[in-house]
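Worksheet: one structure, shown below.
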Amino acid sequence: MSSENEKDGQPSGTAESSEDVKSLSKDEAKKFYEEKGIDFSPDAPVKPKPIPQFEKSISDKIASKFSSKVTVDYVRNGRIRVSTKKEDILDVAHFIRDELGYDHAESVSGVDYPDSKEIEVVYHLGSYTDEKLANQVLTLATRVPREEIPTPGKDSSRMTSLREVFYSVEFHERECFEMFGVYFEGHPDNRRLLLPEDWADIPPFRKDFKIKGR
Amino acid sequence: MLKEFFNQETAPHATNVLVGKLGDILVRAVGKPLDYAINWGRIWSLWPVHLETACCSVEFGAASSPRYDVERFGIIEAFGSLRQCDLIVVMGTITRKMAPRLRMVYDQMPDPKYVIAMGACAITGGLYFDSYNVLPGIDGVLPVDIYVPGCPPRPETLIQGCMLLQEKIKRMKGA
Amino acid sequence: MTTQLPPGIQLENIDDRIMTLNVGPQHPGSGHMRLIIKVDGDYIVSCDPDPGYVHRGEEKMAEYRNYIQNIPHLERPVIHDSSNILYPYCLAVEELLGIEVPERAKYIRVIAAELNRCIYILYWLAIYGIFLGHSTMFMWPAGDRELFIDLLEAMSGARVTHAYLVPGGVRNDLPANFEERCLRQVDYFEKRLKEYQAVFYKNPILISRTEGTGILSRTDAIRLGTTGSVLRASGVNFDIRKKEPYDVYENLDFEPVVMKEGDSYARSYVPYLEMFESCRIIRDAIRKMPKSGSVRTKLKPNPKGGNDEVYKRVESGRGALGYYIVSNNRPEPYRVKISVGSFRNLICMPYLLKGELLGNMPAVYWSLNYWPVEADR
Ligand code: SF4
């Protein structure tokens, strides 16, 4: 779609082009694609996959320890996702490290949800020491409040840093602070990392920060 | 003096003196014939600053590898301090954090100095035209002599760019 | 007073014994980054890495392009390892959209990834040679690297930015006679690689500059969450190709390289040995590859991911490389996070350089297998 837009001499935007698709009625779109010989069958219904046993046993351990404080979002092959309140995250992280054997963080990502006024902070945890956990990644997610007008470091988007539990989150949390404005309490070094020193705009990975021409 | 200049043993020294100190005065005094001599010296010693800015530096490295061996043209000998350099090859994306540093490096180089903008990013922003942290081309920061297009440019393209710069210098005024 | 300053700016006390040095961004011994180093005489007392000179906002840009348009700019962070940085992206998108990859395409992907790993390591080795003032070690790998570039150029049509791996398989089939040509070059390359031993790895100057410097113990390597060759040089046997095999790596025959020392020498030796393993994988993959068949599953136009998220990781030249993609029923991803090995190894820098001689700084720095463009994204 975008290439067609470019031919018109307009800056193409995927956001706009997907609206174009919607503006065609279903039948028209189907005919359009059928003429071109492109398969336009609706997405096949997703078959529920069997829940793997080993992963289930890990998630059960977390669920039984913290009963109502955590939610197990999914258990898949090699991937478990657990979400918790930001007040409880330190306890859960301690449990995950000491009892389950996860020992390092692979990444810390933020995801901005402007509709529910929350920013999700996602830790991907892995293990080097435990041979059985080598193919597992545990996703620990929590949500912090999101301010309409952010003032990084001074507003209510803050949570406890996990640095004392997983030392490896140090640089990842610094990145998350500057990209989303989530302040990590207890982090020794909440400084700027990647952005220019004179960056005066809002944190760039928030959804209300628009990039040029989009 | 001319005899001394063409003497094989003292020639490098004499050229240095000409280009460095007396160049300006002599050129103004003697005029055109010396332009040629001075430019001739300049085109065989285009030494770039060691400033990598983005992924194009991979192809810059490949240009000095044995297959392309760009040093045979007397250009891009990759060592030397900033104060001895007369060429700056901007290897790709200039971010907003790098731009002041790039200008600072350029300002510290002695005259005459030449700029090659290497890669689509350095020319217009390239793939990153809509990124929040990338300058749309470096012409706002530095006066560019040669544009080398590509993403990344093949080493042959870079060599051609350098040779175009040599051509350009040949036709420049000596000082 | 200090609390009033804007973030990122701080006042510094002046000390007449400790001197602050800025290594980079314009410095032959730094990449596209700055190391703020404090020295006491010749010894480094603290080091504060300052990356971000190539931060181009890839992750933000990915939110504005659809799954196919994202391919070219996502490979730019490491153009000399472009197959490996696209690999997890393809795996993630395939899982998100529920696409099956043909068997032959899986083998071709593995071959492309291993060729690219060799290209990456050779370039890294060449720069390591420059950093240590060893010109021969720049020339040899930089020359041999062109052999593999030729192969990948024949496969994909581009010199370094291949964009060869796409969700659903690979872009096009192998050229005629590729298998023979590839095997011939791999054979030649292995012979050639053995010569590097004598000129570089047994060189007394290299040994005196790297052996015993920047030692990272096994516990620290785990605690700091390092990855890739840095981790394996510290005695942790962790290679995602073995531990969480993707595509066809489980059928192939290779051993991860592990060393115990954890010093700069081991960190520079592990990638070298990995190239032998890569050659082994390429040979094995060519033998086991189905000789014909489709190489790509075509996607629907403007494919939409469901309301889902995936996290996929592979072993790249610099260690684990993961993509975390959140989608929300739109043709564009809602959020893309690239978890890169270089950024994870950055944390070692202040830790390892402390107490080191300033002269050993380049040797330690580049042995961390750090590529700044990738770390900044
Ligand atoms: S032109 Fe292409 S290769 Fe060069 S810096 Fe830009 S993106 Fe990288």
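Shape of chain C from the C-alpha gyration tensor: oblate (a/c of 1.5 or more and a/b not above b/c, with a ≥ b ≥ c the square roots of its eigenvalues). A Cα-only calculation for the range C:24-123 places Rg and Dmax at 18.8, 61 Å. Between B:Met104 and A:Ile202, the FRET efficiency estimated from the beta carbon spacing at R0 = 30 angstrom works out to 0.60.
The calculated FRET efficiency for C:Ile18 paired with B:Asp111, based on their beta-carbon distance and R0 = 45 Å, is about 0.80. On the protein assembly as shown, 54 percent of the accessible area sits on carbon and sulfur atoms, based on a 1.4 Å probe. With Cα atoms as the point set, the radius of gyration and Dmax of the protein assembly as shown evaluate to 27.0, 95 Å. Interface area, chains C and A: about 5100 Å² of buried accessible surface, summed, with a 1.4 Å probe and ligands, DNA and RNA left out.
How much accessible area is lost when chains C and B come together, counting both sides, with a 1.4 Å probe, in Å² rounded to the nearest 100? For C against B, buried area totals roughly 3300 Å². Legend: residues in the range B:87-102 shielded by at least 40 square angstrom of accessible surface upon adding the remaining protein chains to the isolated chain (1.4 Å probe, heavy atoms) are B:Thr95, B:Arg96, B:Lys97, B:Met98, B:Arg101. The calculated FRET efficiency for A:Asp98 paired with C:Asp308, based on their beta-carbon distance and R0 = 25 Å, is about 0.20. The ellipsoid that matches the Cα gyration tensor of the range C:135-284 has semi-axes, each √(5λ) in whole angstrom, of 30, 22, 13, with the longest given first. Solvent exposure of the range C:70-188, expressed per residue, is 24 Å² of accessible area, with all protein chains present and a 1.4 angstrom probe. Highest mean packing comes first when the peptides C:276-283, B:154-161, B:108-115 are listed by Cβ atoms within 10 Å, giving C:276-283, B:154-161, B:108-115. Tell me, rounded to the nearest percent, the portion of alpha carbon pairs in the range A:51-197 spaced more than 25 Å apart. Looking at the range A:51-197, the distances longer than 25 Å represent 27 percent of pairs. For A:Ser116, the accessible surface of its heavy atoms amounts to roughly 60 Å² (probe 1.4 Å, protein chains only, rounded to the nearest 10). Accessible area ranking (1.4 Å probe, heavy atoms, ligands and nucleic acids excluded), largest first, for A:Ile51, C:Ile149, C:Ile127: A:Ile51, C:Ile127, C:Ile149. In this label model, A:Thr151 and B:Tyr36 are separated by 7.1 nm, measuring between points 7 Å along each Cα→Cβ vector. Peptide C:116-126 shows a mean partner chain C-beta count of 1 within 10 Å per residue C-beta. Shielding value for C:213-221 is 1, the average number of Cβ atoms from other chains within 10 Å of each residue's Cβ. With a 10 Å cut-off around each Cβ of C:182-190, the average count of Cβ atoms from other chains is 0.
Modelled spin-label separation between C:Ile207 and C:Ile36, with each label point placed 7 Å from Cα along the Cα-to-Cβ direction: 4.0 nm. Over all pairs of different C-alpha atoms, the range A:68-128 has a mean inverse distance whose reciprocal, the Kirkwood radius, equals 12.8 Å. Quick one: pull the percentage of alpha-carbon pairs in the range B:42-171 with a separation above 24 Å. Looking at the range B:42-171, the distances longer than 24 Å represent 20 percent of pairs.
Count the net charge of all other residues whose Cβ sits under 9 Å from the Cβ of C:Leu35, scoring Lys and Arg as +1 and Asp and Glu as -1. Surrounding charge for C:Leu35 is -1. Here's the picture: charge each Lys and Arg Cβ at +1 and each Asp and Glu Cβ at -1 in the range C:58-376, and of C:Val258, C:Pro333, C:Ala221 the one pushed furthest to the positive end of that dipole is C:Pro333. What does the charge count around A:Gly101 come to, taking other residues whose C-beta lies under 13 Å from its C-beta (Lys +1, Arg +1, Asp -1, Glu -1)? Net local charge, A:Gly101 excluded: -2.
Projected label points at C:Met139 and A:Asp91, each 7 Å from Cα along the beta carbon direction, are separated by 6.7 nanometres.
The values are calculated or read from the model by the stated rules, or taken from the named source; none is laboratory data. Keep in mind that what you see is a predicted model, and the values were worked out from it rather than measured. Cβ coordinates were reconstructed from backbone atoms using ideal geometry, including for glycine residues, and neighbour counts include every protein chain displayed. Only protein heavy atoms, including side chains, enter the accessible area calculation; ligands, DNA and RNA are left aside. Shrake-Rupley method; radii C 1.70, N 1.55, O 1.52, S 1.80 Å.
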